[in-house]
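Enquirer: Take a look at the following structure, please.
The values are calculated or read from the model by the stated rules, or taken from the named source; none is laboratory data. Being a predicted model, the structure only gives us computed values, none of them experimental. Every residue, glycine among them, receives a Cβ derived from its backbone with ideal geometry; neighbour counts consider all protein chains shown.
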Amino acid sequence: MSRETHERIERDSLGEVRLPADALFGPQTQRAVDNFPVSGRPMPVSFITALCRIKAACAQANRAIGGLDQLRAQAIESVAGQLIESLTNGELHAAFPVDIYQTGSGTSSNMNVNEVIAHLAGEQAGVHPNDHVNMSQSSNDVVPSAIRVMAVSRVESDLLPALAHLETVLLGRARELAGVVKTGRTHLMDATPIRFDQVLESHVEQLRAARVAIEQARDRNLALPLGGTAVGTGLNAPAGFADAAVSSLNESLDREAPFSRLPSLVAGLSAQDDSLALSASLRGLAAFLHKLANDLRWMNSGPLAGLGEITLPALQPGSSIMPGKVNPVIPESTAMVAVQVQGLDHAIALAAQSGNFELNVMLPLIAANLDEMIGLSANTSRLLADKAVAGFVVNRERIERDLAANPILVTALNPVIGYEAGAAIAKRAYAEGRTVIDVAREMTDLDEDTLAELLDPRRLTGED
């Protein structure tokens with residue numbers, strides 16, 4: 001076949017462009033494909049679907065205020081809905097090929113969506129990508145709005161349910177292991193006893209705090225800068241358009257907590273502080289997940305030469321050379337996710353500084369990183385819950401043996417015999433490899449029953 005049979009020629013304001021004959025997009029998208037062969041990673045599907053939702057809402061708003069005829073408005077809305085369904089089902093991804101590392105405003109992705117909608121709707125309604133699909137809009141207000149819609153939707157549909165699931169599993173294990181006492185540790189060194197339920201409930205409190213921070217940051221992203229157009233002044237956006245567009249968006253999403261119009265449209269275009277706040281809350285969640293993963297790894301370590309307090313589920317062989325070795329692969333995966341999320345947050349922090357006058361010019365990076373951070377956090381939370389926390393087994397014989405041999409138990413005698421006498425008992429117990437109660441029986445005048453009561457590990461954890 002000749003080259004011409006595989007291509008078609010279209011024009012934009014810069015001239016002719018050759019693009020694939022079967023492409024659903026138009027010349028501006030093709031220019032972006034040619035200009036940005038950077039990562040090979042297109043913008044996230046969740047971001048493209050958020051753009052499509054906004055295009056449908058804007059078409060409804062333009063029709064309501066008399067700027068767009070009913071035929072074109074209905075065509076845009078219908079095609080946008082079909083695209084959302086297809087993208088969600090894993091179809092038509094090739095229609096949105098623009099690389100993440102594109103123009104900083106995201107104009108290429110905005111025009112990509114405009115062109116695809118116009119292409120699919122144009123045959124029946126004569127829809128133009130700029131004049132009709134982009135009516136009353138600019139990339140500069142649509143893209144920041146899409147970032148917020150994407151982030152809120154992903155937090156609510158993916159992340160918060162995953163965190164709720166992890167919390168449920170942690171609380172279930174805490175109830176199951178209530179009263180099981182282990183050696184506490186500070187500085188990685190033996191400390192006074194603590195119960196497993198106390199350990200797990202502390203993780204739950206960390207998780208709840210992280211979730212609250214995420215919810216608060218989510219709420220900040222409910223205000224959209226739609227109607228700001230080029231620099232936040234609303235040029236070419238008729239009166240009533242923005243309110244109508246936000247109302248249509250809320251109606252299509254059937255939200256309990258609705259999106260609203262951002263009071264300062266200039267700030268909504270020039271700054272990405274609300275995206276940064278969400279990113280920071282995800283960094284906080286990552287710090288918690290990393291701690292939980294590391295605590296599980298330490299308790300599982302060994303099993304002979306480590307702590308060996310728990311045994312995590314055996315999910316796969318741990319070595320290509322050492323038979324029988326099993327590694328804590330889920331906590332290791334979680335730790336890598338935590339590091340990646342914190343790295344992506346740092347990139348967003350730097351990107352948020354790139355608001356030059358009236359526009360931030362790293363919007364695609366912010367969108368892509370938020371999408372990845374939310375997805376990674378949700379997925380690893382579920383895996384950690386189901387494949388590590390839910391299935392670990394407590395090695396009770398090991399923890400009871402280590403607890404009985406822990407000289408730090410002498411701390412309980414301090415109020416009775418004083419710190420210096422307690423230190424002498426602990427030192428001798430360490431040196432002779434004996435239990436505190438045996439040494440204390442010889443070095444104090446306390447009777448057996450009193451020592452047993454004072455040194456009861458469960459009593460030392462605050463248990464009545």
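Matching residues to (1) at pLDDT 95 or above; (2) assigned to a helix (DSSP H, G or I); (3) over 18 Å from H128 (Cβ atoms):
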position: N62; (1), (2), (3): yes, yes, no
position: G67; (1), (2), (3): yes, no, no
position: A73; (1), (2), (3): yes, yes, no
position: E77; (1), (2), (3): yes, yes, no
position: A80; (1), (2), (3): yes, yes, no
position: E85; (1), (2), (3): yes, yes, yes
position: E91; (1), (2), (3): yes, no, yes
position: A94; (1), (2), (3): yes, yes, yes
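Enquirer: Only residues that are modelled with pLDDT of 95 or more and over 20 Å from the mean Cα position of the chain (by Cα): list them for region 144-179, please.
Expert: Scanning region 144-179 gives L171, G172, R173, A174, R175, E176, L177, A178.
Enquirer: Of all residues in region 135-157, which are in contact (Cβ under 8 Å) with a residue 60 or more places away in the chain and among the polar types (S, T, N, Q)?
Expert: Passing the criteria: S136, Q137, S138, N140, S145, S153.
Enquirer: D274 fails exactly one of the following numbered conditions: (1) surrounded by fewer than 21 Cβ atoms within 10 Å (Cβ to Cβ); (2) part of a helix (DSSP H, G or I). What is the number of that condition?
Expert: For D274, the exception is condition (1).
Enquirer: Another question, if that's okay. Is it the case that A412 is over 40 Å from the mean Cα position of the chain (by Cα) and either over 25 Å from A293 (Cβ atoms) or in a helix (DSSP H, G or I) (or both)?
Expert: Considered against the rule, which asks whether it is over 40 Å from the mean Cα position of the chain (by Cα) and either over 25 Å from A293 (Cβ atoms) or in a helix (DSSP H, G or I) (or both), A412 comes out as yes.
Enquirer: Ok, one more. Restricted to region 1-54, and to residues that are of a type in the set (G, A, S) and assigned to a helix (DSSP H, G or I), which residue is surrounded by the fewest Cβ atoms within 10 Å (Cβ to Cβ)?
Expert: Here the residue is A32.
Enquirer: Further question on the same structure: Given the condition closer than 21 Å to V143 by Cβ and touching a residue at least 60 places away in the same chain (Cβ under 8 Å), answer yes or no: does some residue in region 84-94 qualify?
Expert: yes
So that you can scan it fast, the table gives a plain yes or no per residue for (1) closer than 19 Å to R218 by Cα; (2) touching a Gly at 6+ places or on another chain (Cβ under 9 Å):
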position: V341; (1), (2): yes, no
position: I348; (1), (2): yes, no
position: V361; (1), (2): no, yes
position: A367; (1), (2): yes, yes
position: M373; (1), (2): yes, no
position: S377; (1), (2): yes, no
position: T380; (1), (2): no, no
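Enquirer: So which of A217, A257, A237, A230 ends up being closer than 29 Å to L384 by Cβ, touching a Leu at 6+ places or on another chain (Cβ under 9 Å) and not assigned by TED's automatic domain parsing to the domain that holds D345?
Expert: From the options A217, A257, A237, A230, the qualifying one is A257.
Enquirer: Which of the residues spanning region 345-365 are in a helix (DSSP H, G or I) and either over 17 Å from L278 (Cα atoms) or touching a residue at least 24 places away in the same chain (Cβ under 8 Å) (or both)?
Expert: Those that are in a helix (DSSP H, G or I) and either over 17 Å from L278 (Cα atoms) or touching a residue at least 24 places away in the same chain (Cβ under 8 Å) (or both): D345, I348, A349, A351, A352, L363, P364, L365.
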